[in-house]
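Okay, structure first, notes after.
The values are calculated or read from the model by the stated rules, or taken from the named source; none is laboratory data. None of the values given here were measured: they were computed from a predicted structure. Counting neighbours? That spans all protein chains shown, and the Cβs are built from the backbone with ideal geometry, glycine included. For accessibility, only protein heavy atoms count, side chains too; no ligands or nucleic acids. Shrake-Rupley method; radii C 1.70, N 1.55, O 1.52, S 1.80 Å.
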Amino acid sequence: MSRKMRKTINDLTQRSLITHNNPKSPISEQYRTIRTNIQFSSIDTHYQSIMVTSSSPGEGKSTTVANLAVVLAQQGKSVLLIDGDLRKPTVHYTFKVSNIQGITNVLTRQISLEDAALQTSVEDLSVLPSGPVPPNPSELLNSKSMEMLVEEAKSKYDYVLFDTPPVLAVTDAQVLANRCDGVVLVTSSGKTEKEAAIKAKELLDNANAKILGVVLNQKEMNENSYYYYYGAN
């Protein structure tokens, strides 16, 4: 890899993990607002396992779930971020960890969750990367092993977050939504089509998902306005 390419990847990582690299920024504050809204919605039901997805690619779901994981860990909560996007994984890039082993190895019982989970540079935050890309992502995510993994992770961590493929691209997100306590849907201003967002919500509803709210990003607003908006159901 060239020096220029390494610098580009590092720059992107710095920007994507803004809650860690610049915790006092207005954008970081909005991630904390998302965290607060989720926790307030948990008064009667504790949403411990949370999936973050979008309707289509490029809407910011991976950046959102990574920063949500960071702000939860900054509260002193033990957090595990699982890369459930077994087709185009990115968590290992964001947190600069190895992707030699990961969730696919755990699901096929080649390695334990304890051995596969990697501590990040963020205190109290571990990640479970994707591992080798499998030929059958949907089947793996819909397996009994996946059900057992979710329960084991919940017994070891205060919060378990999942990054997944977009809802309209493949069925993976619908499969995982049914296994998680709650779902956050990410949309992008000027990019997410209304019909796509509605269709994504319908598919999640059909999967019996509990949609906690919607994150709107890339919204152009004045300098005194917030970058992210979170609306609870």
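So here's what we get for this one:
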read-out: Options ASN105, ASN99, ASN67: the member that is of a type outside the set (Lys, Arg) and touching a Gly at 6+ places or on another chain (Cβ under 6 Å); value: ASN105
read-out: Failed criterion for LEU86 (all others in (1) part of a loop (DSSP other than H, G, I, E, B); (2) under 26 Å from ALA197 (Cβ atoms); (3) in contact with a strand residue (DSSP E or B) (Cβ under 7 Å, 6 or more places away or on another chain) hold); value: (3)
read-out: Checking LYS156 against (1) surrounded by fewer than 19 Cβ atoms within 10 Å (Cβ to Cβ); (2) modelled with pLDDT under 95, the condition it does not meet; value: (2)
read-out: Any chance LEU80 is part of a loop (DSSP other than H, G, I, E, B), open to solvent by less than 10 Å² (accessible area, probe 1.4 Å), touching a residue at least 12 places away in the same chain (Cβ under 8 Å) and aliphatic (A, V, I, L, M); value: no
read-out: The stretch 24-53, residues that are among the hydrophobic types (A, V, I, L, M, F, W, C) and either out of contact with any strand residue (DSSP E or B) (no Cβ under 8 Å at 6 or more places or on another chain) or open to solvent by 20 Å² or more (accessible area, probe 1.4 Å) (or both); value: ILE27, PHE40, ILE43
read-out: Those residues of the stretch 1-31 which are among the charged types (D, E, K, R) and modelled with pLDDT of 50 or more, in sequence order; value: ARG15, LYS24, GLU29
read-out: Verdict on ASP163 being farther than 19 Å from ALA117 by Cβ, in contact (Cβ under 8 Å) with a residue 24 or more places away in the chain and either in contact with a Ser or Thr (Cβ under 9 Å, 6 or more places away or on another chain) or open to solvent by 70 Å² or more (accessible area, probe 1.4 Å) (or both); value: no
read-out: Those residues of the stretch 137-153 which are open to solvent by less than 60 Å² (accessible area, probe 1.4 Å) and without any contact (Cβ under 8 Å) to a residue 40 or more places away in the chain, in sequence order; value: SER138, SER143, SER145, MET146
read-out: Answer residue from the stretch 99-120, given it is within 17 Å of the chain's Cα centre (by Cα) and not polar (S, T, N, Q) and is surrounded by the fewest Cβ atoms within 10 Å (Cβ to Cβ) among those; value: LEU118
read-out: The stretch 195-220: number of residues that are of a type outside the set (A, V, I, L, M) and at pLDDT below 90; value: 4
read-out: Residues (over 22 Å from SER126 (Cα atoms) and modelled with pLDDT under 90) located in the stretch 32-56; value: PHE40, SER41, SER42, ILE43, ASP44, THR45
read-out: The stretch 105-129, residues that are assigned to a helix (DSSP H, G or I) and of a type in the set (A, V, I, L, M, F, W, C); value: VAL106, LEU107, LEU113, ALA116
read-out: Hits in the stretch 151-195 (condition: among the charged types (D, E, K, R), touching a helix residue (DSSP H, G or I) at 6+ places or on another chain (Cβ under 7 Å) and part of a loop (DSSP other than H, G, I, E, B)); value: ARG179
read-out: Test for ASP172: is it charged (D, E, K, R), closer than 12 Å to THR53 by Cβ and within 15 Å of the chain's Cα centre (by Cα); value: yes
